[in-house]
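The values are calculated or read from the model by the stated rules, or taken from the named source; none is laboratory data. This is a predicted model, so every value here is computed, not measured. Positions of Cβ are backbone-derived with ideal geometry, glycine not excepted, and every protein chain shown enters the neighbour counts.
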Amino acid sequence: MAPLFKSITSLLALAASFAVAVPSQERRRISIRSPGAETVANNYIVKFKIEAGHDAIKASQAKALDLLRQRGPVSTAGGGSSEARFYNISSFVAMHVVADEDTIHQIGSDPAVEYVETDSVAELATTVTQKKAPNGLSRISHANIEKGDSLTYSYDSSAGEGITAYIVDTGINISHPDFGGRARFGRNIFSDNVSSVQVVDPRH
């Protein structure tokens, strides 16, 4: 019975080690943020904890690079690389990686990582195009205008809403219809009598 007992004991030990290993693998699954509706496949932003300290962050980045190099290049729509790009902007310390799902979960499980999010496509505003725009407006939104081109003026949909432009000029007709009633005088120091214009010395 002794050999059989030893065999049963070995099997129980193996089963116990397997039961312990499974939760360890499950802990590697992390929650990945997705800030935008349109994501870039296999592209991720890894944000590090500032409080983790310089050495811990560097060690985490080195570990991530090793994992990426072991996995090899990842196929994406626009090509891909196993290398990473690093960002250190004030309190924002992060890296951009191209990785498969298993690798990014391993990278994100490091204690120095604050969060992982998918790389997403973002648009600041919808573009509106004015056709047959005056030449001056067209040049604002186009670097090069060839002779014979149809003049257009492209601008974002907010059209400057909420912005105040301050203009210094010798004369502005604020009632001009192009202003749409939005123009008003701030400080007007124009006078027919030059001697009545006071010049203030900024040093006093």
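Please work out which residue is surrounded by the most Cβ atoms within 10 Å (Cβ to Cβ), limiting yourself to region 144-166 and to residues that are polar (S, T, N, Q) and under 24 Å from the mean Cα position of the chain (by Cα).
Applying the filter and picking the extreme gives SER154.
Would you say ASP119 is in a strand (DSSP E or B) and under 29 Å from TYR44 (Cβ atoms)? Spell out the reasoning first.
Numbers: in a strand (DSSP E or B): yes; under 29 Å from TYR44 (Cβ atoms): yes.
Yes, satisfied.
Go through (1) farther than 20 Å from LYS58 by Cα; (2) of a type in the set (A, V, I, L, M, F, W, C); (3) at pLDDT 90 or above one by one and return the number of the condition ALA77 breaks.
Unmet condition: (3).
If I filter region 148-168 for residues that are closer than 28 Å to THR129 by Cβ, among the β-branched types (Val, Ile, Thr), modelled with pLDDT of 75 or more and not in a loop (DSSP other than H, G, I, E, B), do I get at least one hit?
So far as region 148-168 goes, yes, one or more of its residues are closer than 28 Å to THR129 by Cβ, among the β-branched types (Val, Ile, Thr), modelled with pLDDT of 75 or more and not in a loop (DSSP other than H, G, I, E, B).
Within region 91-100, does at least one residue satisfy the condition of being loosely packed, with under 13 Cβ neighbours inside 10 Å, touching a Lys or Arg at 6+ places or on another chain (Cβ under 9 Å) and at pLDDT 90 or above?
yes
Any idea how many residues of region 111-134 are without any contact (Cβ under 8 Å) to a residue 40 or more places away in the chain and surrounded by 10 or more Cβ atoms within 10 Å (Cβ to Cβ)?
So the answer is 7.
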